[in-house]
Structure formats: structure tokens, C-alpha cells
1. State whether one or more residues within segment 1-9 are outside any strand (DSSP E or B), buried (at least 18 other Cβ atoms within 10 Å of the Cβ) and either at pLDDT below 85 or more than 18 Å from the chain's Cα centre (by Cα) (or both).
2. What is the one condition in (1) free of Cβ contacts under 8 Å to residues at least 24 places away in the same chain; (2) assigned to a strand (DSSP E or B); (3) not charged (D, E, K, R) that residue 49 does not satisfy?
3. Just one of the numbered conditions (1) assigned to a loop (DSSP other than H, G, I, E, B); (2) in contact with a strand residue (DSSP E or B) (Cβ under 9 Å, 6 or more places away or on another chain); (3) of a type in the set (S, T, N, Q) is not true of residue 19; which one?
4. Check 56, 35 and return the single one that is assigned to a helix (DSSP H, G or I), under 22 Å from the mean Cα position of the chain (by Cα), modelled with pLDDT of 80 or more and closer than 24 Å to residue 7 by Cα.
5. Determine whether segment 131-140 contains at least one residue that is modelled with pLDDT of 85 or more, touching a helix residue (DSSP H, G or I) at 6+ places or on another chain (Cβ under 6 Å), more than 14 Å from residue 112 (Cβ to Cβ) and not in a helix (DSSP H, G or I).
6. Is one or more of the residues making up segment 106-114 crowded, with 16+ Cβ neighbours inside 10 Å, at pLDDT below 90 and farther than 20 Å from residue 24 by Cα?
7. Give me the residue from segment 26-52 that is surrounded by fewer than 16 Cβ atoms within 10 Å (Cβ to Cβ) and polar (S, T, N, Q) and, out of that set, nearest to residue 82 (Cα to Cα).
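The values are calculated or read from the model by the stated rules, or taken from the named source; none is laboratory data. If you're wondering where the values come from, they're calculated on a predicted model, not measured in any experiment. Positions of Cβ are generated from backbone atoms using ideal geometry, with glycine treated the same way; all protein chains shown enter the neighbour counts.
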Amino acid sequence: MARKQPIYDIGPFKSSTKNTDTQLNVYVSNKRFKVDLFTSSFEPSSGLLAEYLWHVQRLDPEWIPDESEVDADGEFEDPLDEMHDWILQPFLPIFYEIAPLDPSQKYTLEDCLFAEELHYTVQVVGDKLAPVYLSNTKNMKNHLIGACLPSSVDYSMFPIYHPREVQVPISADSATLPGVPQKVFIHGQPQPSFFKIVYGGSSITIDV
């Protein structure tokens, strides 16, 4: 089914086998939003609680849509998209206040990896959901990115670039920066390179 491109891109979705709390991560322009969803937050409204649990149930890997949800072509709406549509509806005014990407600007790996992250949750107000701001990571760096090379590797053989020296191309119709870019351009080099992110604690011996 064709879907209109939203103002946001969906990032990692997190859940647990221990409870029905979840977390949405979305990208809006040059920012990231982390939205923690606690089942207890929906309990003041039996209707909203039931709808939330309905969405969570549909995200189970073993979930199978019933016939009423499947169209003539055998297709159905992605449950994850539908959950984001529902939860993020009250966030849209916030999203639209954020300046869109500037196609003339040269965005870099630094803009993507260290984008400002805004942390929210939701609460029930009357019979509707409302965003609740918690914090942001402005002027903070993600220290989980990057890993130490093993002592057996002569890392002096590898060129070193600051993230701001690595350009991330975007198309004219891009709504957001990619959370983890793939094709990048290193300053002074005409040919693209392909970026692979490494997190702290990761083993990179094979890749090196």
C-alpha cells in the first residue's frame, strides 16, 4: 500500500519479553526523538490502554493479520507504521516546529552520529495522549560509538578523519538525516566510501 512520506523516519523499536513497555525512536530533520512508552501511563484510560496493548500485540513476530486487515492484493498495513502513526499524532506540532533540512548545506557524519536527541514519554490527558518532555542530549556526545583497536593491530596504517570531514549526501526531498549513514564522501576524495559504525565493546578484528 502506498503511504505518504511522513515528516519523520522510523528508527529502532525496542521492546521486552518481560513486560509491555516499549520505546520508539524516530528521526526528524537533524534531530532524534526517543519516546518511552510505559503501560502504566495508559492505565488512566481503559480505551487508550486497550489500543496500546492491541498495537503491542500486533508487533509480536508470530502475529498473523486476520482476513479483514488484508486487502484484495494480499497486503496489509505494517503494524509498526500504524503504531507510530497513532502514538506520534500528538507529536506532529512539535515535529513541524523543527526547521527542515537545508539541501544547500553540507551535512556531515558529525551531524548524524551526534544529532541532538530529545527524550519524551506520553501521558493521558482526558481521553487523549499528550507528549511529556523529559530531557535532551544537546552538547553531549555519544561515547558508545567507536571501539579500541586490539594492541596487535598497527592502527597507524589507517587514515583518520574527524566526523565533520566526512560528508553525508542527502537528496532534495529528504525529510531527515539518516540515523546511520551508509554512503559517505571523505573530504577531498571524489569517490564515495561506505561507512560502517562500530560501537564500544564490538569486535572489529575481522573487519580490519
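1. For segment 1-9, residues outside any strand (DSSP E or B), buried (at least 18 other Cβ atoms within 10 Å of the Cβ) and either at pLDDT below 85 or more than 18 Å from the chain's Cα centre (by Cα) (or both): absent.
2. (2)
3. Among (1) assigned to a loop (DSSP other than H, G, I, E, B); (2) in contact with a strand residue (DSSP E or B) (Cβ under 9 Å, 6 or more places away or on another chain); (3) of a type in the set (S, T, N, Q), residue 19 violates only (2).
4. Of the residues listed, the single one that is assigned to a helix (DSSP H, G or I), under 22 Å from the mean Cα position of the chain (by Cα), modelled with pLDDT of 80 or more and closer than 24 Å to residue 7 by Cα is 56.
5. yes
6. no
7. Only one residue fits best here, namely 39.
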